[in-house]
Amino acid sequence: PDAPALKEAQKLVHGVYAGDIAKAKKPQEKAELAKKLLQAGIDTKNDANGKYLLLGMARDMAVAAGDADTTFSAIDELTQGYQVDDFKLKKDAMGKLSKSPDIGHAALVERANAWIDEALAADHYDIARQFTELALTTARVSKNLDLLKVANDRVREVNSAATAYLEVKEAQATLAQTPNDPVSNLTVGRFCCLTKGQWDKGLPMLALG
């Protein structure tokens, strides 16, 4: 929604929830209000501007409460109904949540790992790197050595995949002109099989290579 539309919706929403917002001082109170705002956003069907605002408020309140589940549920609802940058919203929220004193660091790193997998599957290596850095920062804050090892392993994995993808891009350009080129088929096929686990796609290319 554009700024004027959101401004009007904001007047209405804040009018309804002003008392709740004023009372929500402690993390638990903020978490409860975040859930209330999230449900209100989900239940709103005929007011796209109000729904957007409610979901955004739920996300921000949940971040302030250190409630990761509600935070990312609100983001999921936003990405399903609006043209927003899913990865950016998650990255920004995770960066803030990682600093929360009561956050479950292991669960947060686990979420980051799932998003890293999604980014790698879509060949979004810059985004994957950003999530690995956030996961690494979160692991360091936790002072959990096992968690730190997992995060460091993912950093190496993503960096390796990103480097390999640079070679693959060149090979893909060659294959666009010469589909049976053996060297390019070998490069792309190996990447598909060994880096991305796409054996059905990669094995025929390896055979040509």
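The values are calculated or read from the model by the stated rules, or taken from the named source; none is laboratory data. Remember, predicted model here, so these are calculated numbers, not experimental data. All Cβ positions, glycine included, derive from the backbone under ideal geometry; neighbour counts span all protein chains shown. Accessible surface is based on the protein model in full, side chains and every heavy atom, while ligands, DNA and RNA are left aside. Shrake-Rupley method; radii C 1.70, N 1.55, O 1.52, S 1.80 Å.
Of note:
- Residue within segment 187-204 that is of a type in the set (Val, Ile, Thr) and farther than 24 Å from Ala128 by Cα present: no
- Residues in segment 128-175 that are of a type in the set (Gly, Ala, Ser) and surrounded by 15 or more Cβ atoms within 10 Å (Cβ to Cβ): Ala128, Ala135, Ala139, Ser142, Ala151, Ala161, Ala162, Ala164, Ala171.
- In a residue-by-residue description of segment 111-129, the property of being among the hydroxyl-bearing types (Ser, Thr, Tyr), within 16 Å of the chain's Cα centre (by Cα) and at pLDDT 90 or above applies to at least one position.
- Matching entry among Lys30, Lys51 (being within 19 Å of Lys99 (Cα to Cα), open to solvent by less than 60 Å² (accessible area, probe 1.4 Å) and not in a loop (DSSP other than H, G, I, E, B)): Lys30
- Considering the conditions (1) in a helix (DSSP H, G or I); (2) in contact with a Leu (Cβ under 6 Å, 6 or more places away or on another chain), Thr132 is excluded by exactly one of them, (2).
- Here the condition is being in a helix (DSSP H, G or I), of a type in the set (Ser, Thr, Tyr) and either modelled with pLDDT of 95 or more or under 19 Å from the mean Cα position of the chain (by Cα) (or both); of Thr137, Thr163, it holds for Thr137 alone.
- Hits in segment 54-72 - residues which are assigned to a helix (DSSP H, G or I) and closer than 19 Å to Thr138 by Cβ: Arg59, Ala62, Val63, Ala64, Ala65, Ala68, Asp69, Thr70, Thr71, Phe72
- Criterion: in a helix (DSSP H, G or I), at pLDDT below 95 and either surrounded by fewer than 17 Cβ atoms within 10 Å (Cβ to Cβ) or of a type in the set (D, E, K, R) (or both) - qualifying residue of Lys7, Lys45, Lys25, Lys35: Lys7
- Scanning segment 88-113 for residues that are in contact (Cβ under 8 Å) with a residue 40 or more places away in the chain, part of a loop (DSSP other than H, G, I, E, B) and of a type outside the set (S, T, N, Q) gives Lys99, Asp102.
- Taking segment 103-135 as the range and being in contact with a helix residue (DSSP H, G or I) (Cβ under 8 Å, 6 or more places away or on another chain), closer than 17 Å to Lys149 by Cβ and among the acidic types (Asp, Glu) as the test, only Glu133 passes.
- Taking the criterion of being of a type in the set (A, V, I, L, M) and either in a helix (DSSP H, G or I) or at pLDDT below 90 (or both), the residues of segment 73-87 that qualify are Ala74, Ile75, Leu78.
- Looking across segment 176-202, the residues that are under 26 Å from Asp117 (Cα atoms), aliphatic (A, V, I, L, M) and either open to solvent by less than 90 Å² (accessible area, probe 1.4 Å) or touching a residue at least 60 places away in the same chain (Cβ under 8 Å) (or both) come down to Leu186, Val188.
- Only one of the numbered conditions (1) assigned to a helix (DSSP H, G or I); (2) modelled with pLDDT of 90 or more; (3) open to solvent by 70 Å² or more (accessible area, probe 1.4 Å) is not met by Leu12, and that is (2).
- Long-range neighbours under 9 Å by Cβ, at least six apart or interchain, first residue under 15 Å from Asp69 (Cα atoms) within segment 18-31, second modelled with pLDDT of 90 or more and in a loop (DSSP other than H, G, I, E, B): Pro27/Gly66; Pro27/Asp67; Lys30/Ala24; Lys30/Gly66; Lys30/Asp67; Ala31/Ala24; Ala31/Gly66; Ala31/Asp67
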